[in-house]
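Engineer: First the structure, which I've put down as structure tokens, then a few questions once you've had a look.
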Amino acid sequence: MGALIRTSDMTTTKRRNIYRHHQDGQVSKLAPGIFISRAAFDSRDPWDRFQLRCAAVGYAYPRYTLVGKAAAAVWEIPFGDLPGRVELARLNGAGGLGTDLVRMRGLAPIPGQPPQIHRGVFVTTPLQTVLDLARWYPIADAVTAADHCLHHNMFSVSQLGDHAAHLARHKGAGNLSTLLMLAHGASESPRESALRVAIWENGFPAPHLQASIIDESGQFLGRADALFADSSVLVEYDGRSKYRNSPDQTTEQALMEERRREKDLLNLGTRMIRVTAETFTSGQWIHDLRRELELGKGRPLDQRLWASKGLGWGSPQDKRPQGLIYPI
């Protein structure tokens, strides 16, 4: 965290200058003895500012470890909403901190998963961090974090399950079985993870994830974020960066290619739901999906024309790749 200014490393004169700059508003204080240029801090997005606050607290209190969303931020593991305070747990013994900067948590040790130093501060391991998120936060936050870790091979589903057993008697452990059911390494973005949890929460059947689709001649038509095969319904989340220019393709070309791909898929007999940030927040996608699933009843997509990375939730067997053409 090179942007942070640590007064413990300074001479007395330089330290006085930092405190003077703090008084005149040129630098911001993030934690005792930890500062940052105000202009540099204000120019960053909320995630980066939270990550810097977490690192600052970690530097300021070396006898404690960052946990929960604070640890996730330092590991750059995505989750849901940013919390108001930085979560800390004492490394040894008991006792908290009398400051509004932090929220104290009880550290539930897991064998083989001691806190470790990452980017200069103590943090819980990615595996313990994800399990703690499931105990302390809405399940969508924990699934988002778990999906990211699984997708990037930070740990495996079996490791997650094995270590979850050590927290069975701790507060919030009831959510761990739900996490294990929903976590899936096929998810490619935080919004995909949140959407899948919302599909489950709204009582829809489990869709197939990252479904590759071909036509009768064997030509690859495209890949959908989710496929409800029994109704031939495809679901895709349209992120804000989806149509950003690439070195080889303009935005207009990307849009034209997307429309051609969608036309080919529709000609195959599928129906498509596109979820945006706006329709996700408003809940409009729920009504759209219910309508399309109803219209698609009795019209399954031929099993020879698709393959997936498994169902969106269920047992490890359910979440294994399915279909003869996978991968394309």
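Engineer: Can you tell me which of Leu52, Leu30 is outside any helix (DSSP H, G or I) and under 16 Å from Glu87 (Cβ atoms)?
Structural biologist: Working: Leu52 fails: outside any helix (DSSP H, G or I).
The unique qualifying residue is Leu30.
Engineer: Okay, next question. Quick check, is Glu258 charged (D, E, K, R), at pLDDT below 95 and under 24 Å from Arg191 (Cβ atoms)?
Structural biologist: Details: charged (D, E, K, R): yes; at pLDDT below 95: yes; under 24 Å from Arg191 (Cβ atoms): yes.
So Glu258 passes the test.
Engineer: Here's another thing I want to ask about it. Right, Arg16: exposed (fewer than 15 other Cβ atoms within 10 Å of the Cβ) and charged (D, E, K, R) or not? Explain how you work it out, then say what you get.
Structural biologist: Details: exposed (fewer than 15 other Cβ atoms within 10 Å of the Cβ): yes; charged (D, E, K, R): yes.
In short, yes.
Engineer: What do you reckon, is Phe79 part of a strand (DSSP E or B), at pLDDT 95 or above and of a type in the set (Phe, Trp, Tyr)? Outline the logic, then answer.
Structural biologist: On the way: part of a strand (DSSP E or B): no; at pLDDT 95 or above: yes; of a type in the set (Phe, Trp, Tyr): yes.
No: the conditions fail for Phe79.
Engineer: Moving on. Return yes or no: is Gly174 within 20 Å of Thr281 (Cα to Cα) and without any contact (Cβ under 8 Å) to a residue 40 or more places away in the chain?
Structural biologist: Working: within 20 Å of Thr281 (Cα to Cα): no; without any contact (Cβ under 8 Å) to a residue 40 or more places away in the chain: yes.
Here the answer is no, as Gly174 does not meet what is asked.
Engineer: Report, by residue number, each residue of the range 84-113 that is closer than 18 Å to Lys171 by Cβ and basic (Lys, Arg).
Structural biologist: Result: Arg90, Arg103, Arg105.
Engineer: Considering only residues that are exposed (fewer than 15 other Cβ atoms within 10 Å of the Cβ), free of Cβ contacts under 8 Å to residues at least 40 places away in the same chain, at negative phi and part of a loop (DSSP other than H, G, I, E, B), which ones fall in the range 151-170?
Structural biologist: The answer is His152, Ser156, Ala168, Arg169.
Engineer: Take the range 296-315 and flag every residue that is in contact with a Ser or Thr (Cβ under 8 Å, 6 or more places away or on another chain) and loosely packed, with under 13 Cβ neighbours inside 10 Å. Full working, then the answer.
Structural biologist: Looking only at the range 296-315, we keep the residues that are in contact with a Ser or Thr (Cβ under 8 Å, 6 or more places away or on another chain), and these are 296-297, 299-301, 306-308.
Matches in the range 296-315: Lys297 only.
Engineer: Could you please find all residues in the range 85-105 being farther than 12 Å from Asp132 by Cβ, part of a loop (DSSP other than H, G, I, E, B) and either modelled with pLDDT of 95 or more or in contact with a helix residue (DSSP H, G or I) (Cβ under 8 Å, 6 or more places away or on another chain) (or both)?
Structural biologist: Arg85, Leu101
Engineer: Given the residues Arg16, Arg38, Arg90, Arg6, which is the only one that is among the charged types (D, E, K, R) and assigned by TED's automatic domain parsing to the domain that holds Leu127?
Structural biologist: Numbers: Arg16 fails: assigned by TED's automatic domain parsing to the domain that holds Leu127; Arg38 fails: assigned by TED's automatic domain parsing to the domain that holds Leu127; Arg6 fails: assigned by TED's automatic domain parsing to the domain that holds Leu127.
Answer to the check: Arg90.
Engineer: Any chance you could count how many residues in the range 277-309 are without any contact (Cβ under 8 Å) to a residue 60 or more places away in the chain and in a loop (DSSP other than H, G, I, E, B)?
Structural biologist: Residues that pass the stated criteria total 3.
The values are calculated or read from the model by the stated rules, or taken from the named source; none is laboratory data. Quick caveat: nothing in here was measured; it's all calculated off a predicted structure. All Cβ positions, glycine included, derive from the backbone under ideal geometry; neighbour counts span all protein chains shown.
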